């Protein structure tokens, strides 16, 4: 069902009783995994380790890298822009995740009651299949203060113009709204898949016992869905912390740093100012935050398994 | 006979307000989901200067194909300016070609190499098999940006900036997700056929290519579709590696087009024509393989 959840039990499932290595089989096996092993070593393992080393240097691509010890990390603690980015990122996650998850849950429950139509499901995930760049451009146009259709409509009903992406206080909520538009359908389908796996007999039993719709939702659906919900929450939180495309296309971190999330700040430091050392140090902090979230997930996962 | 009976019973049955409300909500959801796409098309077919005058028409204003022709480089720059476009020469045809090259290379490489690796992890015995696989899975947790900066430096050192090789390098050999995805499928296949072939004296590569792969075609197609779409949509990596026009992919070209606005306001009709072009391949794939994509969501959450 889930990347993390299935990986662990299946690892155990393959380990059969010990047997002697067959040289031919081992040789073919190594040949088979060789390309992937090269790809993994060169573009995943070594860069991850190398990143740690780069974060201890002042590398700017022009002059040779000099070790500066923990200076980048010390600088980071003093850097108001870093703290702003962290704050803005957390603000975005808080705007994005609760609303998106609740909406997705409502959509999933609604669909499981009303229709199993594959066409409706297909339409609902369409935004998720689009490039972030396209989604950003499309909403930039829809939300344009002067001629965008949303503002044209808002003026027509007397609300007046809302400068969604141009005013610091509206910018981040607007970005969150755009990303909810892109991801809510996908999230709903993950939850929908989870709902389908709950046997109907559980609901029948509950309704014979006289449970109301609301009681069934709270006492049956939510607990049985917990592992799926935890997976959905954690993957979407991890994804939210790494938001980049929408912001790169619409606000570029502005207005006045209101949407300068961590990923955009790292990008700016690395590829506009070539502060490779400093950018890498910030990326390590982001990594630590996500590790922390993953560990929390594993605890919640274990708590979720006992329900069914 | 039954019709009159129903007429009589109807007053006793309460009107299902809940259900009507739920359908209305679902209808609203579909409208919010699909309307932006409709507006993209409506704008792409609107005459450039008319987009600024008539902002609320639900249909394209002075419907025209010139925006598509402009972004495909079929109209020269001066004519385009006269028609109300930007003075910038935009060639999405080149970007479209580049995106196809990049995505096809990545799909071909990743499917071939990850299928081999996944088979080895699922069936063959070799030292540290489970440990290596566990490390692959652990890498799923590392945020992309952590690898992006060192990978950029590596590609730059090797002279790979502004080459297709540089753009496809990190994902053409493997992604942990692809190996994981296919391994799950191999584990679900019945071993008996393979074992019979082995007993008959077939070698492991013969069993893999002649017996196992044909049985895995559905899974391979699903992964190919998923991989194609995600490399088609990729933005940050091609942006930092391939910003020169000869290798620039569509997402990057759209970003460049958006930030160059010689006449002040963005060239919305041109931009929407560009985005329309950019999503056509995904749309076609979705028409053909939509069910596979939906099933893969049930199978595992991919991103």
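Quick one: which residue in B:297, B:226, B:293, B:280 is free of Cβ contacts under 8 Å to residues at least 40 places away in the same chain, within 12 Å of another protein chain (Cβ to nearest Cβ) and within 30 Å of residue B:186 (Cα to Cα)? It is B:297.
Conditions (1) more than 10 Å from chain B (Cβ to nearest Cβ); (2) over 25 Å from residue A:260 (Cα atoms), marked per residue:
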position: A:135; (1), (2): no, no
position: A:140; (1), (2): no, no
position: A:152; (1), (2): no, yes
position: A:157; (1), (2): yes, yes
position: A:190; (1), (2): no, yes
position: A:196; (1), (2): no, yes
position: A:223; (1), (2): yes, yes
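Looking at segment B:166-181, can you tell me whether even one residue there is assigned to a helix (DSSP H, G or I) and surrounded by fewer than 17 Cβ atoms within 10 Å (Cβ to Cβ)? No, because not a single residue in segment B:166-181 is assigned to a helix (DSSP H, G or I) and surrounded by fewer than 17 Cβ atoms within 10 Å (Cβ to Cβ). Filtering A:247, A:243, A:237, A:291 for residues that are assigned to a loop (DSSP other than H, G, I, E, B) and within 16 Å of the chain's Cα centre (by Cα) leaves a single hit, A:243. For segment B:89-126, taking the residues that are in contact with a helix residue (DSSP H, G or I) (Cβ under 7 Å, 6 or more places away or on another chain) and outside any helix (DSSP H, G or I), the one that is modelled with the lowest pLDDT is identified as B:89.
Identify, from the list A:282, A:249, the residue that is under 27 Å from residue A:143 (Cβ atoms), touching a helix residue (DSSP H, G or I) at 6+ places or on another chain (Cβ under 6 Å), facing chain B (nearest Cβ under 10 Å) and surrounded by 19 or more Cβ atoms within 10 Å (Cβ to Cβ).
The unique qualifying residue is A:249.
For segment A:59-80, which positions are modelled with pLDDT of 90 or more and touching a helix residue (DSSP H, G or I) at 6+ places or on another chain (Cβ under 7 Å)? Correct list: A:72, A:73, A:75, A:76.
Of these, B:193, B:206, B:212, which one is more than 9 Å from every other protein chain (Cβ to nearest Cβ) and touching a residue at least 60 places away in the same chain (Cβ under 8 Å)?
B:212
Identification of helices (runs of 4 or more DSSP H) wholly contained in segment A:17-91 with 2 or more residues that are at the interface with another protein chain (Cβ under 9 Å from one of its Cβ atoms) and surrounded by fewer than 16 Cβ atoms within 10 Å (Cβ to Cβ) yields A:23-40, A:46-54.
Among the residues of segment B:156-177, those that are more than 24 Å from residue A:243 (Cβ to Cβ) and more than 8 Å from chain A (Cβ to nearest Cβ) comprise B:157, B:158, B:159, B:160, B:161, B:162, B:163, B:164, B:165, B:166, B:168. Scanning segment A:261-272 turns up no residue that is more than 10 Å from chain B (Cβ to nearest Cβ), surrounded by 19 or more Cβ atoms within 10 Å (Cβ to Cβ) and modelled with pLDDT under 95.
Give the residue, chosen from B:153, B:137, that is within 26 Å of residue B:228 (Cβ to Cβ) and modelled with pLDDT under 95. Walk me through how you get there before you give the answer.
Working: B:153 fails: within 26 Å of residue B:228 (Cβ to Cβ).
Every option except B:137 fails the conditions.
Residues in segment B:108-131 that are farther than 28 Å from residue B:168 by Cα, more than 8 Å from every other protein chain (Cβ to nearest Cβ) and touching a residue at least 40 places away in the same chain (Cβ under 8 Å): B:123 only.
Answer yes if at least one residue in segment A:155-176 is within 30 Å of residue A:119 (Cα to Cα), in a helix (DSSP H, G or I) and under 16 Å from the mean Cα position of the chain (by Cα), and no otherwise. Within segment A:155-176, one or more residues are within 30 Å of residue A:119 (Cα to Cα), in a helix (DSSP H, G or I) and under 16 Å from the mean Cα position of the chain (by Cα).
The values are calculated or read from the model by the stated rules, or taken from the named source; none is laboratory data. This structure is a prediction, so every number in the text was calculated from the model and none was measured. So basically every Cβ, Gly included, is an ideal-geometry build from the backbone, and we count neighbours across all protein chains shown.
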